[in-house]
Amino acid sequence: MPAENLKLRTFRFAVEVGKLVQLLPYSILNRHYFGQITRSSSSTAANYRAAQRAKSDADFLNKLKIVEEEADETVFFLELLLVFNAEYEKPIQDLIDEGTEIVKIIVASINTMRSKIKNKK
C-alpha cells in the first residue's frame, strides 16, 4: 500500500473514532474509554505521518513501532467499549476491523524494514 494511502487511512480512522465518541452515550466508563481511544487513534495517524518524515531507516522503524502500539491500544479500548455498548455493535466492530487491518499492515511494514536494515549490515 502506498504511504500516502495509509496516511489518509490512519487519518480517517482517527476521524471515525471521533465520530463514534460523539455517537455513544455518556457514562463514567465510556468517558474514560473515549479519552483513551481519542488519544491513541489520533496518535496512530500523527505518528504514521511523522514516520513519513523519518531521518533514517532506524528512525522510520522506531516510529512504525509507535504506530503499531497506538493502533493496537485503540483496538483494545474499542473492544472494551463494545462490551459495555453492545447496542452499537456495528459501528464499533467496523472500527475494530479497520484498526486490526492497520495493525497488520504496520506489522508487515516493520518486518520488511527490519529485513532491509539487517541486509544492509
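Values in this text are rule-based calculations from the coordinates and carry no lab data. Predicted model only: the values in this text are computed from it and were never measured. Every residue, glycine among them, receives a Cβ derived from its backbone with ideal geometry; neighbour counts consider all protein chains shown.
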Subset of region 21-51 [aliphatic (A, V, I, L, M) and either within 19 Å of the chain's Cα centre (by Cα) or assigned to a helix (DSSP H, G or I) (or both)]: VAL21, LEU23, ILE28, LEU29, ILE37, ALA45, ALA46, ALA50, ALA51
From the list GLU87, GLU4, GLU70, which residue is acidic (Asp, Glu), surrounded by 12 or more Cβ atoms within 10 Å (Cβ to Cβ) and in a helix (DSSP H, G or I)? GLU70
Considering ALA45, ALA71, ALA58, which residue is small (Gly, Ala, Ser) and in contact with a Gly (Cβ under 6 Å, 6 or more places away or on another chain)? ALA71
Residues of region 47-60 satisfying the condition of being in contact (Cβ under 8 Å) with a residue 24 or more places away in the chain and surrounded by 15 or more Cβ atoms within 10 Å (Cβ to Cβ): TYR48, ARG49, PHE60
Check off (1) in contact (Cβ under 8 Å) with a residue 40 or more places away in the chain; (2) surrounded by 13 or more Cβ atoms within 10 Å (Cβ to Cβ); (3) not acidic (Asp, Glu) for PHE76 and give me the number that stays unchecked. (1)
Every residue in region 1-35 that is touching a residue at least 12 places away in the same chain (Cβ under 8 Å), of a type in the set (A, V, I, L, M, F, W, C) and within 14 Å of GLY99 (Cα to Cα), please. LEU6, PHE11, PHE13, ALA14, VAL17, LEU20
Within the group LYS118, LYS63, LYS104, which residue is surrounded by fewer than 16 Cβ atoms within 10 Å (Cβ to Cβ), within 18 Å of ARG9 (Cβ to Cβ) and either in contact with a Phe, Trp or Tyr (Cβ under 9 Å, 6 or more places away or on another chain) or not aliphatic (A, V, I, L, M) (or both)? LYS104
Is region 79-95 home to any residue that is hydroxyl-bearing (Ser, Thr, Tyr), more than 14 Å from LEU6 (Cα to Cα) and under 18 Å from the mean Cα position of the chain (by Cα)? no
